[in-house]
Amino acid sequence: MRDVPVAALARRCALLCGALVLLTSCGWGADGDDADGGGLPGVPTGVTAQAGSATTVHVMWHAVEDVETYEVYRGGTMVREVPAAERMVDVTRLRPSTAYAFTVRARDADGRLGPRSREVRATTPAAVADESAPTRPGDVRGRAVGGRAVQLGWSAAKDDRDVVSYDVYQGDAKVHSVGGGQTAAVVTGLRPGTRYAFTVRARDAADNVSPASAVVRLTTGGTDDGRATAPTQLRAASHRADGAYYLDLSWVPPRTDGPVTEYQIHLDGRAATSLVYGADAPRDRAEYSFYAGREAGVTHRVRIRARLADGTWGGFSAERKVTTGAGR
């Protein structure tokens, strides 16, 4: 091996270091990217903020694909972490008569945090001494807008002070909020061909909430055969333990706006049991075992469905037959 002059060696080292700096500055090998070249989660869009009372602000945003959680920031401080199945949150314990700025970021299953959304602002109203709730909103009406949204309207509630906001509920879950000067809302993220029930409640600055309005029932347009929302690759087997037989299920969760945290298992045509996960809901393949009795040779039919982010049940998986004592 021939000797390399010191000056030439120094020049080569400088060129190599410069190339490494250039690669890093272009993003290769940076902390925010996958080793296989995947990018960060997307930026949440459609972010809005609306004062709900003198001490709360309701923040909403559109879904980002393939995320685990959302982080909501007040200024530079994270104040709430929200599961991916939800796209709204009430930020509480705020000061009356104060302006606040909010942003939202998405975090994926690998822990990567995406860019901040655009900043939105809301000002809480002044605090008031008020123990009287507003009257219930009246004349609630609505219509489907295509297959994935509905438009709602109502007559204004009355309050001894002022109505600060209206909360829209789908079943028991709050799904939208608008300012007290508005008497209409558009609820999105729904499923085609699905029947929904909505109510509206009024809220004043002291956080007094009215009784629920009358229920308005609407069916979105189009059809939904359930295939897009059904668990797939369902497998069923049985095992014996302590003198009893158990059914062992595994499946691939449906692709939805976020992780599915609740399933319903049907056995022989009837709902048999429910399965509820916490924050660690599986994304790739889920597994569950449940008691099926003490008798061998009994053949069961089993299928499963998921509760979706809009509160409805998705389509059923393909049905499988499994016989106790038959193994896998």
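Of Val260, Val322, Val298, all but one fail to be surrounded by 12 or more Cβ atoms within 10 Å (Cβ to Cβ) and either under 22 Å from Thr229 (Cα atoms) or touching a helix residue (DSSP H, G or I) at 6+ places or on another chain (Cβ under 9 Å) (or both); the exception is Val260.
Take the residues of segment 150-200 that are aromatic (Phe, Trp, Tyr) and within 23 Å of the chain's Cα centre (by Cα): which is surrounded by the fewest Cβ atoms within 10 Å (Cβ to Cβ)? Of everything passing the filter in segment 150-200, Tyr169 is surrounded by the fewest Cβ atoms within 10 Å (Cβ to Cβ).
Limited to segment 126-155, what total is found for residues that are in a loop (DSSP other than H, G, I, E, B), within 16 Å of Ser177 (Cα to Cα) and in contact with a Pro (Cβ under 7 Å, 6 or more places away or on another chain)? Summing the residues that are in a loop (DSSP other than H, G, I, E, B), within 16 Å of Ser177 (Cα to Cα) and in contact with a Pro (Cβ under 7 Å, 6 or more places away or on another chain) in segment 126-155 gives 1.
Among the criteria (1) in contact (Cβ under 8 Å) with a residue 40 or more places away in the chain; (2) under 29 Å from the mean Cα position of the chain (by Cα); (3) in a strand (DSSP E or B); (4) surrounded by fewer than 16 Cβ atoms within 10 Å (Cβ to Cβ), the one Pro211 does not fulfil is (3).
Flag: Tyr100 does not match the condition of being crowded, with 20+ Cβ neighbours inside 10 Å and either of a type in the set (A, V, I, L, M, F, W, C) or in a strand (DSSP E or B) (or both). Of the candidates Gly181, Gly221, the single residue that is within 30 Å of Arg93 (Cβ to Cβ) and not in a strand (DSSP E or B) is Gly181. Look at segment 233-244: where a residue is under 16 Å from Gly297 (Cβ atoms) and a partner is among the charged types (D, E, K, R) and part of a strand (DSSP E or B), sitting 6+ places away or on another chain with Cβ atoms under 9 Å, you get Ala236/Asp248; Ala236/Arg320; Ala236/Lys321; Ala237/Asp248; Ser238/Asp248; His239/Asp248.
Read the figures in this text as sums done on the coordinates, not as results from a lab. None of the values given here were measured: they were computed from a predicted structure. Note that each Cβ is placed from the backbone with ideal geometry, even for glycine, and that neighbours are counted across all protein chains shown.
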